[in-house]
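Here's the structure we're looking at; comments come further down.
The values are calculated or read from the model by the stated rules, or taken from the named source; none is laboratory data. This one's a predicted model, so the numbers in the text were calculated from it and none came from an experiment. Cβ sites come from the backbone with ideal geometry, for glycine too, and all protein chains shown count toward neighbours.
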Amino acid sequence: MPRSETACFWKTNAALDAPNFYTYARRGPDVTPENAALLKLPADSWSLVVGMHPKSRGAVHLTGPGADDPVRVDANYLGDAQDLKDLVDGLDVARQIGNSAALRPFAVRETTPAARNPDEFERFFRNGLGTFWHQCGTARMGRDATSVVDGRLKVHGIDGLRVADASVLPRVTTGNTMAPWRAGCGLRAGNEFVTGPLTGVNGRNLQDWVL
């Protein structure tokens, strides 16, 4: 059975330039061990998995000078208070979808979250947060001091070196990274290596197009 055949994207704020939430359905309960310990979940169930584009930013730190030295990862989940507010709004949309008339034939009742007040919601989210493993942007494309590559994927300040993977994306996409990378950078990287300067939509420089 496919992991999911449908996905839904939406904004919690109409002023945003792109959706900051999405959800997809999958078979079985999809919860962390922490939340599973607090809830009685039937094995015969389906879940709406909710993903978000958070405002919080974590960090990856070196722990030593060696190439094999481990890195220290600080995810900083909910570091920005707005993320918790957005999660409550995003979950509300997912619950409306799951309890809609169209899906009523496929559901008996909602089992989780059992939370009904702000404190319970916060505990549910803090116990249930995780990453979708769509890491990218560590060699982001741009023109400012924090960017690594330019619009032709050339590393700033180093001749003869390019980066051509999802690390050049200027920001994490709301959904999966493969399609935007292939469409926005991958195919055009091949064009650069074979025929010359990269061009995007209507001949625009790739950097202009991706940003």
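Brief remarks on what is shown
- Restricted to region 137-196, and to residues there that are part of a strand (DSSP E or B) and hydrophobic (A, V, I, L, M, F, W, C), the residue that is farthest from V49 (Cα to Cα) is V155.
- Among residues of region 96-121 that are among the aromatic types (F, W, Y), those with a Cβ under 9 angstrom from a residue that is surrounded by 13 or more Cβ atoms within 10 Å (Cβ to Cβ) and not in a loop (DSSP other than H, G, I, E, B), sequence gap 6+ or separate chain, pair up as F106/W46; F121/L84; F121/L87; F121/V88; F121/L91.
- Selected residue (only one of R72, R57, R27 is within 30 Å of P105 (Cα to Cα) and in the same structural domain as L103 (by TED's automatic domain parsing)): R27
- Checking D74 against (1) charged (D, E, K, R); (2) in contact (Cβ under 8 Å) with a residue 40 or more places away in the chain; (3) in contact with a Gly (Cβ under 6 Å, 6 or more places away or on another chain), the condition it does not meet: (2)
- For A94: the one exception among (1) outside the structural domain of A18 (by TED's automatic domain parsing); (2) touching a strand residue (DSSP E or B) at 6+ places or on another chain (Cβ under 6 Å); (3) surrounded by 15 or more Cβ atoms within 10 Å (Cβ to Cβ): (1)
- Of the residues P29, P2, P42, the single one that is surrounded by 12 or more Cβ atoms within 10 Å (Cβ to Cβ) and at pLDDT below 90 is P29.
- Any hit, region 105-124, residues being farther than 30 Å from E34 by Cβ, out of contact with any Phe, Trp or Tyr (no Cβ under 6 Å at 6 or more places or on another chain) and at pLDDT 80 or above: yes
- For region 87-119, a residue qualifies if it is among the aliphatic types (A, V, I, L, M) and in a loop (DSSP other than H, G, I, E, B), and the qualifying residues are A107, V108, A114, A115.
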